[in-house]
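The values are calculated or read from the model by the stated rules, or taken from the named source; none is laboratory data. Fair warning: this is a prediction, and the values are worked out from it, not measured in the lab. Counting neighbours? That spans all protein chains shown, and the Cβs are built from the backbone with ideal geometry, glycine included. Each accessible area value is taken on the protein alone, full model and side chains, heavy atoms only, with ligands, DNA and RNA left out. Shrake-Rupley method; radii C 1.70, N 1.55, O 1.52, S 1.80 Å.
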Amino acid sequence: MTGVRYELYYWPTIQGRGEFVRLALEEVGAEYVDVARGPAGTKPLMELLDRASPQPFAPPFLRAGEFVIGQTANILLYLGAHHALAPRDEAGRLWAHQLQLTCADLLAEIR
């Protein structure tokens, strides 16, 4: 999936769940824009949130070509498969996904 320019949609002033996605994109050297950190602020984020189909629940979401992918764990599952961040075998991919879901659970419990 090289050559794809990603668009990350997340709140511009907090790290939160979007930081996991930023770190993965940086790790693979992907070309991406952090949309809400641009000059238009959160306006493009809100516009895409309103018109995307299927509609993501909330940021973060990632535009990858014609796909709009929501939820941190789902975005990382996608990036892991397309950029060799996760094992190739199904058991390994599920284990890596499980680790991300555990991180999400921990963050939810802390808050």
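Taking the range 50-90, which residues are open to solvent by 70 Å² or more (accessible area, probe 1.4 Å) and hydrophobic (A, V, I, L, M, F, W, C)?
Listed by number, the residues that qualify are PHE57, PHE67, LEU77, ALA84, LEU85.
In the list GLU31, GLU47, GLU27, which residue meets the criterion of being of a type outside the set (Phe, Trp, Tyr), open to solvent by 60 Å² or more (accessible area, probe 1.4 Å) and in contact with a strand residue (DSSP E or B) (Cβ under 6 Å, 6 or more places away or on another chain)?
GLU31
Please list, ordered by first then second residue, the pairs with beta carbon atoms under 7 Å, 6 or more apart or interchain, first in the range 23-42 and on the phi < 0 side of the Ramachandran plot, second exposed (fewer than 14 other Cβ atoms within 10 Å of the Cβ) and at pLDDT 95 or above.
So the pair list comes out empty.
Return the residues of the range 57-111 that are within 13 Å of GLY18 (Cβ to Cβ), without any contact (Cβ under 8 Å) to a residue 40 or more places away in the chain and assigned to a loop (DSSP other than H, G, I, E, B); say none if nothing qualifies.
Result: ALA58, GLN71.
Taking the range 1-24 only, how many residues are within 20 Å of ALA73 (Cα to Cα) and either open to solvent by less than 20 Å² (accessible area, probe 1.4 Å) or polar (S, T, N, Q) (or both)?
9
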